[in-house]
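Please treat every number below as a calculation from the coordinates, not as lab data. Predicted model only: the values in this text are computed from it and were never measured. Glycine gets a Cβ as well: all are built from the backbone with ideal geometry, and neighbour counts include every protein chain shown.
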Amino acid sequence: MKNLFSNIKGDAFGGITAGIVALPLALAFGVSSGLGPTAGLYGAIFISFFAALFGGTNTQISGPTAPMTAVSMVVIAGIIATNDGDVNKALPVILTVFLLAGLMQIGLGVLGLGKYIRYIPYPVVSGFMTAIGVIILLTQILPSLGYYPKEDMEFVNTFKPQAEEVILENILKEEAGEGILVLEDFKETINRAHEISQDAILKESQTLATKETSGALGAIKAFPKALQNINWLELILALGTIFIIYGFKRITKAIPSTLVALVVMSGIAVGFGLNYRPIEEIPSGLPIPNLEIITGFNLSSITPYIFTALTLALLGAIDSLLTSVVADNMTKTKHKPNKELVGQGIGNSIAAVFGGIPGAGATIRTVVNITSGGKTKLSGMIAGIMLLVILLGLGPVASQIPAAVLAGILITVGIGVMDYKGLKAIPTLPKDIKLGPLKMSSEVLIMLIVLLLSTFWNLVYAVGIGLIIASLMFMKKIGDLTAERSDVKPLKEEAWADEWEFPSNLKEEVFIKHIKGPLFFGSTSDFQQLAAQIPDTAKTVILRLGRMQYMDQSGLYAMEDMLQDLKKNDDVEVLFVGLLKQPRYMMERIDIIPDFVPNEHIFKTFHDCMVWINENIKDEY
């Protein structure tokens, strides 16, 4: 507690400044997610406070971030679509998924998995981050043009036949569930169909129109219509916001340009009484927990989203720990990764209960905190309290912010979040794979696959596929290197220093094989050819295993198959030299030792083996 209050003045200034910087982003990310500005603000308040209190990075400022919001946006859109386009009906399920992600983060920290996050390959992270930027840019083009598909009645009306089909299908499902659907008598179905109002058809049509134009691909589809229906006032507000954000940075960086843009453009819109579109109303008063998460819990509605929750948890972990590294470099301290994950998980869990969107450690806000004087956890807690004060005191004022201004802010976020370092490296990376006539870098290929799949298909699956491809390519490279270093060669072509005095008259009878490096699933294919490459004259094979540090199950069975072949076909004796602890343990478990290679055929040194050779092998050729 003493350390917590050791830098009150610096922490207060750092926390207040970081809170002010977080405000426009929290509102913008909330709107972008689909749950509204309040959800973004609640997420920023609770995650910032509790992640700082329980986390393992003293200067970290947490809250909604671009990657977490992009994934949340997909989750929210999907759950709303399966709940007839009704946000209120879908909200408990959405928040339960976010709560589950928070609990999973706590689990990752408790299990001590924080230190393994850094092993995620850079091309996967690079492709994902660039995709986040592209998604944010594409999805914010429509609101910056003032085009909202579900309000374009000409477009919505094209979905009426499909809407009627969906409603009728729902009626049939309801009747089947109630046990009153009789194929011979459709009277009840006809009665219910007559009760369908035009409002219900319109609402379903709007849901379908929104679904059709959601995400990056949907935004591209809707772009021609948006160009035909540009709201010039909204476009000017968005462009003005972008201009101020980039322009004000050239004047000074002491005041956040995002906040300046928010205040100036909102002031102009309100002051001149312009007929603009405001954001959703931000409720006044203290946040209230959404107890329907507990009272209305239904396992079957959550099951399809367990993998999604895990992705959110992992993404939040990566996002936070990368920011922790940045904080360490600036403050010359060392964060505690597992404790940080527990803190982030607690913050996300509490935010979910109160209706906030999930978040993570935010790099820009953390840097602002440190440069403004923040040194302890108190700074992050003050940032959360600052946002709560703004919510309670300025909620009605914030409700007047133009939606186009937040779209402009998000466009700059999308541009900033892309991984330009990775993109610039594309021409210079070595072209190590061939796809038909095209030669390219495997790392570039992984990055592009993750980028395209994330942008136009599914963020969650894209990361999984990227990790699988990266792992397979890594395994192939390691396997190729291992196989290259441990080629099966006759003794006369390759000899180690202690083998020069091997009796020349026994070189026909004895075959020596050097295994260098691990014998694992990536290197077993060449090893399996060993039996076929042993000369017919050789009745003894010496396997030098002093450099085979590791053997996995694939390697173990490859060894067993090779020994079986030698025993069955040629009755060849095998001697082990320098067998290490782990491979020996593996071979003893399935009785390779002593069934195929008895203990008296296992030698510590090549010299010991030579003694046995001289005593037992006769020159026959």
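Observations on the structure shown:
- Applying the Karplus relation 6.51 cos²θ - 1.76 cosθ + 1.60 with θ = phi - 60° to the stretch 350-356 yields 3J(HN,Hα) values of 5, 4, 4, 4, 8, x, x Hz, where x marks Gly and Pro.
- Estimated FRET transfer efficiency (ASP84, GLN533; beta-carbon r; R0 51 Å; 0.05): 0.15
- Translational diffusion of the stretch 427-483, µm² s⁻¹ [Kirkwood Rh, Cα pairs; Stokes-Einstein; 37 °C; 0.692 mPa s]: 269 µm²/s
- Working note: Karplus 6.51/-1.76/1.60 with θ = phi - 60° gives the stretch 450-458 the couplings 5, 4, 5, 5, 5, 6, 10, 10, 8 Hz, where Gly and Pro are set to x.
- Inter-part distance, the stretch 352-410 to the stretch 252-267, computed on C-alpha centroids, equals 14 Å.
- The stretch 6-105, relative contact order [Cα under 8 Å, separation at least 6], %: 20 percent
- Note on volume of the Cα convex hull per residue in Å³: of the candidates (i) 246; (ii) 155; (iii) 205, the value calculated from this structure sits at (i).
- The stretch 427-483: relative contact order as a whole-number percent, Cα under 8 Å and 6+ apart: 21 percent
- Net charge over other residues, Cβ less than 10 angstrom from the Cβ of GLY109 (K, R count +1; D, E count -1): +1
- Per DSSP, loop trypsin sites (Lys or Arg not before Pro) in the stretch 370-444 with at most 15 further Cβ within 10 Å: LYS431
- Filtered chymotrypsin sites (Phe, Trp or Tyr not before Pro), the stretch 224-327: DSSP coil and at most 13 other beta carbons within 10 Å: PHE272, PHE297
- Total charge dipole magnitude, the chain, about the Cα centre, Cβ charges on Lys, Arg, Asp, Glu only, Debye to nearest 20: 3160 debye
- Dipole-positive endmost among MET586, ASN614, LEU563 within the stretch 497-616 (Cβ charges, Cα centre): MET586
- Environment charge of LEU406, counting only residues whose C-beta is closer than 13 Å and scoring Lys/Arg +1, Asp/Glu -1: -1
- Charge dipole (the chain, unit charges on Cβ, about Cα centre) - positive-most of ASN505, VAL87, VAL577: VAL87
- Positive dipole terminus of the chain, leading residue within ILE293, PRO598, VAL264 (C-beta point charges): VAL264
- Formal net charge of residues neighbouring GLY546 (Cβ-Cβ distance under 10 Å; K, R +1; D, E -1): +4
- Relative contact order %, the chain, counting alpha carbon pairs below 8 Å whose residues are six or more apart: 26 percent
- Nearest-20 debye value, the stretch 497-616 charge dipole, Cβ charges on Lys, Arg, Asp, Glu: 460 debye
- Helical contribution to [θ] at 222 nm, DSSP H n ≥ 4, -39,500 (n - 2.57), averaged over the chain, rounded to 500: -20500 deg cm²/dmol
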